[in-house]
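Participant: Have a look at this one before I ask anything.
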Amino acid sequence: MALVLTAPPAVEPITLAEAKAHLRVDANDEDMLIGSLIVAARSFVERSLSLAMISQSWSLYLDRWPRSREVALPIAPAQSVEAIRVYDSDNQPTEIASEDYVADVLSVPGRLLLAATATPIAPARELNAVEIVFIAGYGDEPEDVPSPIRQALLLLVTHWFESREPVVLGEAPYEGPATVASLLLPYRRVRL
């Protein structure tokens, strides 16, 4: 299984102005640093929680369709499934008709189910033969992201802005503010 980001978010879930107001920074000298901290905080939280904040496009590659006929989408919340392609031995894709599968974007994680009446998917390529193209994220605008997540991002940016000491290899890393973990806890997937 391979997961590839094909279209990153168009905007960040918090703006530079919001971060500067939270940091109480008036000057523009630190804008580049603060902007990079916003991107790093978003990336860190998205990776930690397997979620997308702002709408982004992903391709999930599978070697073959599972026998259960069901695929869980690894990034939440899923908005839509754009296409399912099966590649032949010449790397030419064949798109699966939308009536041959059902997309459940309400569940977390989102799911795809191959219809029982669909022709079985038999890819000829051995690796990454099935591509599922999907959109994930809470929406296109920062306001679409839940407030606790946006607050956690502001706290994380503030923590990194104020704690600029070098990382010492071999020592246990400092996890960050407990408040950030508490704010993100409801969005963490529990596996049983």
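The values are calculated or read from the model by the stated rules, or taken from the named source; none is laboratory data. All figures in this text were calculated on a predicted structure; none of them were measured in a lab. Please note: Cβ atoms are built from the backbone with ideal geometry, for glycine as well, and neighbour counts cover all protein chains shown.
Participant: Consider Ser107 carefully, then state whether it is part of a loop (DSSP other than H, G, I, E, B), more than 22 Å from Thr179 (Cα to Cα) and either modelled with pLDDT of 95 or more or of a type in the set (Ser, Thr, Tyr) (or both). Give the derivation first.
Facilitator: On the way: part of a loop (DSSP other than H, G, I, E, B): yes; more than 22 Å from Thr179 (Cα to Cα): yes; either modelled with pLDDT of 95 or more or of a type in the set (Ser, Thr, Tyr) (or both): yes.
So Ser107 fits the description; yes.
Participant: Quick check on this structure: which one of Leu37, Leu49, Leu33 is closer than 16 Å to Leu154 by Cβ and in contact with a helix residue (DSSP H, G or I) (Cβ under 6 Å, 6 or more places away or on another chain)? Before you say what the answer is, go through the steps one by one.
Facilitator: Details: Leu49 fails: closer than 16 Å to Leu154 by Cβ; Leu33 fails: in contact with a helix residue (DSSP H, G or I) (Cβ under 6 Å, 6 or more places away or on another chain).
Sole residue among the options that is closer than 16 Å to Leu154 by Cβ and in contact with a helix residue (DSSP H, G or I) (Cβ under 6 Å, 6 or more places away or on another chain): Leu37.
Participant: A follow-up question, please. Being basic (Lys, Arg) and over 17 Å from the mean Cα position of the chain (by Cα), is that true of even one residue in segment 8-25?
Facilitator: At the first step, the residues of segment 8-25 found to be basic (Lys, Arg) are 20, 24.
Restricting the remaining residues to those that are over 17 Å from the mean Cα position of the chain (by Cα) gives 20, 24.
Within segment 8-25 (the criterion being basic (Lys, Arg) and over 17 Å from the mean Cα position of the chain (by Cα)), the answer is yes, since at least one residue qualifies.
Participant: Right, something else. I'd like the full set of residues that are over 30 Å from Ile14 (Cβ atoms) and in contact with an Asp or Glu (Cβ under 6 Å, 6 or more places away or on another chain), limited to segment 41-82. Before you say what the answer is, go through the steps one by one.
Facilitator: First, pick out the residues of segment 41-82 that are over 30 Å from Ile14 (Cβ atoms): 61-71.
Within segment 41-82, Tyr61 is the sole residue that qualifies.
Participant: Here are the criteria: (1) surrounded by 12 or more Cβ atoms within 10 Å (Cβ to Cβ); (2) in contact with a helix residue (DSSP H, G or I) (Cβ under 8 Å, 6 or more places away or on another chain); (3) farther than 30 Å from Trp65 by Cα. Tell me which single one Asp26 does not satisfy.
Facilitator: Against the list (1) surrounded by 12 or more Cβ atoms within 10 Å (Cβ to Cβ); (2) in contact with a helix residue (DSSP H, G or I) (Cβ under 8 Å, 6 or more places away or on another chain); (3) farther than 30 Å from Trp65 by Cα, Asp26 comes up short only on (1).
Participant: Residues of segment 31-68 being surrounded by fewer than 16 Cβ atoms within 10 Å (Cβ to Cβ) and either at positive phi or part of a loop (DSSP other than H, G, I, E, B) (or both), which ones?
Facilitator: Asp63, Arg64, Pro66, Arg67, Ser68
Participant: In segment 1-21, how many are closer than 20 Å to Tyr138 by Cβ, outside any loop (DSSP other than H, G, I, E, B) and not hydrophobic (A, V, I, L, M, F, W, C)?
Facilitator: 2
Participant: Then there is this: Just the residues that are among the small types (Gly, Ala, Ser) and within 24 Å of the chain's Cα centre (by Cα), please, taken from segment 26-42. Walk me through how you get there before you give the answer.
Facilitator: Residues of segment 26-42 among the small types (Gly, Ala, Ser): 27, 35-36, 40-41.
Of everything in segment 26-42, those that are among the small types (Gly, Ala, Ser) and within 24 Å of the chain's Cα centre (by Cα) turn out to be Gly35, Ser36, Ala40, Ala41.
Participant: Inside segment 22-68, can you point out the residues that are under 30 Å from Leu185 (Cα atoms) and among the basic types (Lys, Arg)?
Facilitator: Answer for segment 22-68, where residues must be under 30 Å from Leu185 (Cα atoms) and among the basic types (Lys, Arg): Arg24, Arg42, Arg47.
Participant: Oh, and also: What's the total number of residues in segment 94-126 that are in contact (Cβ under 8 Å) with a residue 60 or more places away in the chain and within 23 Å of the chain's Cα centre (by Cα)?
Facilitator: Adding up the residues that qualify gives 2.
Participant: Determine, yes or no, whether Glu175 is in a loop (DSSP other than H, G, I, E, B), under 27 Å from Ala17 (Cα atoms) and either at pLDDT 90 or above or under 23 Å from the mean Cα position of the chain (by Cα) (or both). So that I can check it myself, show each step before the final result.
Facilitator: Details: in a loop (DSSP other than H, G, I, E, B): yes; under 27 Å from Ala17 (Cα atoms): yes; either at pLDDT 90 or above or under 23 Å from the mean Cα position of the chain (by Cα) (or both): yes.
Spelling it out, Glu175 is indeed in a loop (DSSP other than H, G, I, E, B), under 27 Å from Ala17 (Cα atoms) and either at pLDDT 90 or above or under 23 Å from the mean Cα position of the chain (by Cα) (or both).
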